[in-house]
Amino acid sequence: MPRVAMPHVALVIALLLLRPVSPLKKTPTKAQQDDRLRPLDGSCFAFARAGEFWGYEWCHRRWVKQFQAAWAVPPGERRQETTVGTFSPALTARLRGNVTEHAFSDGERCGRRGTKRRATVRLRCCSERRGEGSSGRNVYISDVNEPATCAYVVEVCARLACETPEERRKFGGGDQIGRGPMSLELRQSYKQRAKALFERGYDAYVRHAEPEGELRPRSCSGGPFDLVKLPLVTLVDSLDALAIMGNSTEFQSATQRIWQGFPDKFNFDVNVSVFETTIRVLGGLLSGHLLAVDASLNLTTEYDGELLALALDLGERLAPAFETPTSIPYGTVNLRYGIPRGETPVASLAGAGSLSIEFGVLSALTGDGSFSAKASAASRALYERRSPQNLFGKHINVRSGKWVESLSGVGSNSDSFYEYLLKSYVLFQDHDSYRMFEEAYSAIDSTTRQGDWFADVDMHGGKPRRQHFENLQAFWPGLQVLSGDLELASRSLNAFWTIWSDWGALPEEYDFARRRLVATRTGLRYPLRPELIEATYFMHRATQDDSWLWAASRVFEALEDVAEGARCGAASFANAATHALEDEMPSFYLAETVKYLYLLFDEDNFISKRPYVFSTEAHPFDAEQIKRLTRAPRLVETMAPPPVKNESTLAALWRRLRATTTTRPALRKKHWRRREQPREPTVPVSSRCQHWPWWYDLGYSSTFEPSLASTVPSTLSDRKRTVAPRCYANEAPDDDDEEEDEVEEDETPPPSRARAARRRGDEEPRRGRAQVDGLGSFDVEVFSDGFHVGNREDGETLEVSNVGSSMMLVTSASRGRKDASLAVSSIDGLEIVCSVIHSNSVYPCVVAAFGASIAESTEDASIEEHGTLAFDEDGCSSDGDVDFESGAILLVNRGACTFEAKARNAEATGASALIVANSVPGQARFSMARADDEPTDEEVGIPCVMVSHEHGEVLLRGSSEDVELSLMKRPVTPVDGFGVAVDPGKSVHVSGRGRWGVFLDAKAGSSDAWQLYIVKTAEAARAVENETLCFPKLTRGCDAYVFSENESVRLDFQGTVQASKCRCPANSSCGSFG
């Protein structure tokens, strides 16, 4: 051998030695193989070739039978059937590889004296395609042979016998997934297939089930939905899908049938699930109404508000569920009598906290803010009961507010709670909901995420408790897309699609740690849920990556199979392992599953061109339309419109609604003009359009291997780049690369300087929790200029802000009641009454902490401004964007710049007063604070006030008309027990609407030292006696204590100090400090 070849040989040998040696594939044990096949228990499969006399039936671990083919049975005679063998565990043997043999013995004899029949069933993982005579997809009989007389061999192909994901994906020949851009012709084809699936299910319901709640597809009959035993549930739930798919004729017909189907509205003596009734029925009525009144869609010509009337009646009948000590609603309500006798106090997190979208829209359309208030209060009550890790349990006692299930995760009984926190912000600009979502999302991300999966953990310590994927978790990547966290959404969604790739369905549960099905009846079901397709829809909308269209195309084969397998409609999977069907077609199959599938392939749909927000039941709500149709709250003292003779209640409701939706009159240029500004889309996390590099893969991969390891940072701060929306194809990315990772902040200060400081990170409030005998448990937050105290027992919170300034704002928030607030002068203790008067209506307002005020004036002082109402979008410019006559009163929206900047601009342009409309629907008015970076040498000289978002919308429609602003003083008059008494410079007494109040005591001779006490209401007007909570001025660095009978309980504030530093008033009995 020539020497020149030696180095090459040595190199080859070295490479062979260095190459890792793959471990030998272990053969599973008999117990492992049996456990793997457990999902087949109770399943039976048939095999019959065309033209053959005998067919065969195999029931796993039960029997093998031989039966006469249907064509061979003479008319009028019974079919012949013979038992070949029954399962024999003792004779069952395991073969090599992934082939398992099951023995079936002791069958019927061959002839009178012949041997008994027997059979061997061979289960294996097959890569070849299903042949003639086989039925089934994941499990089927591929062949039956008789090698010896009366001894049979049944060959079974089972995906469960496959040991690896690769083998499962190749099972039955595998499915071919396209790549690259999807052609327009193919998209149109899939769109029509989705529409055909909808029409088959909808037509079957109308023909065989209406007016029942749901369709039974295998028996072609109707039946009730157990949780909502009402008629027409499927019709109401799928109404907006008719509009989306362009069937205006049936939309109009269905609307009329719904109205006729409820002649007494919802006056039914029936117990219903509050959650399911809200998302399916109330949501369906509201979305149907909004689509019907949208003239641009031209859906109906005979609609007169019937759906809204039904929705209002239903909302009023669901409202009693919220009458609990915690404001967390019961899970069930009787539509005629209220809370059922003996109703369980246990409700789920999702059921109690996922009502804000539907109830918020109902409030917007009817002007009754109580619906939104109840739903929002429930969400806040649940949020306030989160664990120190910011985690939530899955079930809670609505009476005591205590968690009864500490399991925390994003799956069943939890899912839509998180969804509605974010969507309430997107739809209503509810910043409190977004703040709650941020904390909850961060906690979920850091504690429950295990690589590309999400586990259930203990809410109190974050310890993993269960490593199961649940079908309902599949919505989460869609929520991540909405929040801008695309990288993690892509990985999670790819992981979830691997389950579909393995089984051709998405079971209710899946053990992701062991990559196997959960062999329980519930765990194996796939009731045609939409969550995986929903998340894929949002992912494609965000990325415009056609690989997600190819992923969704995999669903058609399964859904078309279940449609074909059912006699009518589409049937749910009873078993994802075998694709056996059950007699159920849930209403969400039409309302969500097929709708999202249709929208995936119909990018020209009107839904894709407007700011629609989908509810958890996929009911679309147009944010701009709702804003236009929002009515003023009923509490406004407005002159009622004149009645119309012989006008029905429905007609009167609809007339008032129409009156509030007329377009604003043309602007009169001689008074003022407004330069139109382009509207920027609202983005939940960042106002920037994220430009993703081409190499940043956010697409679907058919070979994706999910991981249990953290391949993406576990904290949001390390994923700043992903927490921003990706550009759509028709959007231009931001050119400023240097700041693309930053999140833009709203420059408008929150209600008080303390909260503004907390938001900027300059001040973190001291927080504590204490149990006060006779009053209950309290959560306390103390800032440099105020405090917030909440009682966990009765749900009331008291807040005092702007302490130390000339005017304090005192607020009482009580669950189940409207928030109440009082602006009180710190100088004389009188209430400062603020009113905006327009067209015989009085709108309450709150005066700002800057500008012209009467807080330091005498008792009979007042300010009155009259002028023409002018409007500017944000009031952040003084360069002439808005021209008006000198002395006009300017109305602006909150946001884009500080309140004081708006005031200075308004004054500079000649306005006599400034009215700021809150941008957050349903949020209480607050006193606008001075910004720390604003100059103080030149004070604002005009009065500045805030009105609610709803009242701002009403005033906007009256722009260019006369308006009056009034400020006056009067003694405080307690309402429902809520009142304030001020001893200037010494103390502030606040009495709540429950059994307690607060007492703020200024330290003698000090302007920057004070103590806070929680007291019984009866003692609020005098010194504290037994139960006292002491909070010295925080700059003193003192801890907080609860004193009762000379015993102290330390609250966990920062730092360690001696109790002697916490001084108490001489007239209290806090005990001695030694």
**Asked** Near the amide H of Val972, under 5 Å away, which other amide H atoms are found, from residues 5 or more places off or on another chain, if H is placed in the peptide plane?
**Response** Glu831
**Prompt:** Stretched out fully, how many nm does the piece from Gln188 to Glu167 gain, at 0.36 nm a residue minus the Cα gap?
**Reply:** 4.3 nm
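Only counting other Cβ atoms within 10 Å, I'd like Trp54, Trp500 sorted with the fewest neighbours first. Can you show the working numbers first?
Details: Trp54 16, Trp500 19.
Ordered from fewest to most neighbouring Cβ atoms within 10 Å, Trp54, Trp500 come out as Trp54, Trp500.
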**Prompt:** What residues have an amide H closer than 5 Å to that of Val613, excluding those fewer than 5 places away on the same chain, when H is modeled at 1.01 Å from N in the peptide plane?
**Reply:** Phe621, Asp622, Ala623
**Fill in**
If the label point sits 7 Å along Cα→Cβ of Ser777, residues of the stretch 393-423 with amide N under 14 Å come out as 393, 396-406
**Item:** In sequence order, calculated HN-Hα J values of the stretch 886-900 (Karplus, 6.51, -1.76, 1.60; Hz; x Gly/Pro)
**Value:** 4, x, 5, 9, 9, 9, 9, 8, 5, x, 6, 7, 6, 4, 5
**Asked** In which sequence would Asp602, Asp452, Asp203, Asp143 go, from the one with the fewest C-beta neighbours within 10 Å to the one with the most?
**Response** Asp203, Asp143, Asp602, Asp452
**Cβ-based charge dipole, the stretch 184-629, positive-most Cα from Gln544, Pro325, Ala580** = Pro325
**Asked** Relative to the present Cα-Cα distance, how much length would full extension add between Asn145 and Ser886 at 0.36 nm per residue of separation?
**Response** 256.8 nm
**Request:** Extending each Cα 7 Å along its Cβ direction at Asp962 and Arg78, get the distance between those two points in nm, one decimal.
**Result:** 9.6
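Taking other Cβ within 10 Å of each residue's Cβ, how do Tyr190, Tyr425 sort, fewest first?
On the way: Tyr190 20, Tyr425 24.
By the 10 Å Cβ count, ascending, the order reads Tyr190, Tyr425.
If R₀ is 30 angstrom, what is the calculated FRET efficiency for the pair Ser841 and Thr973, using the beta carbon separation as r and rounding to 0.05?
The pair Ser841/Thr973 has a calculated efficiency of 0.85.
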**Message:** I need the phi-derived Karplus couplings for the stretch 574-586: 6.51 cos²θ - 1.76 cosθ + 1.60, θ = phi - 60°, integer Hz, Gly and Pro marked x.
**Reply:** 7, 8, 5, 6, 10, 6, 5, 10, 10, 8, 8, 10, x
**Prompt:** Can you run phi through the Karplus equation (6.51, -1.76, 1.60; θ = phi - 60°) for the stretch 823-838 and list ³J(HN,Hα) in whole Hz, with x for Gly and Pro?
**Reply:** 9, 10, 6, 6, 7, 10, x, 7, 6, 9, 8, 10, 9, 10, 10, 8
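Kindly state, to the nearest 0.05, the FRET efficiency for Ala861 paired with Asn397, given R0 = 45 Å and r defined as their beta-carbon distance. Don't skip to the answer; put the middle values down first.
Numbers: r = 51 Å, r/R0 = 1.13.
With a Förster radius of 45 Å, E is 0.30.
Using the structure shown, select from Lys402/Lys1016; Lys229/Lys374; Lys423/Lys627; Lys265/Lys595; Lys374/Lys1016 the pairs with a Cα to Cα distance greater than 20 angstrom.
Numbers: Lys402/Lys1016 24 Å; Lys229/Lys374 24 Å; Lys423/Lys627 15 Å; Lys265/Lys595 28 Å; Lys374/Lys1016 27 Å.
Distance filter (> 20 Å) returns Lys402/Lys1016; Lys229/Lys374; Lys265/Lys595; Lys374/Lys1016.
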**Item:** Stretchable slack from Glu128 to Gln260, in nm (0.36 nm times residue separation minus alpha-carbon distance)
**Value:** 42.0 nm
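Evaluate E = 1/(1 + (r/R0)^6) for Glu603 and Glu564, where r is the Cβ-Cβ distance and R0 equals 30 Å; express this FRET efficiency to the nearest 0.05.
In this case the efficiency is close to 0.60.
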**Prompt:** Using Cα pairs under 8 angstrom and six or more residues apart, how large is the relative contact order of the stretch 184-629, in percent?
**Reply:** 18
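Mean separation of Cα pairs under 8 Å and 6+ residues apart, divided by the residue count of the stretch 831-970: what relative contact order is that in percent? Please report the intermediate quantities before stating the final value.
Values: 327 pairs, mean separation 55.7, N = 140.
About 40 percent, as a whole number.
Bear in mind that the values in this text are calculations on the coordinates, not laboratory data. Since this is a predicted model, take the numbers as computed values, not measurements. Virtual Cβ from ideal backbone geometry, glycine too; neighbours counted across all protein chains shown.
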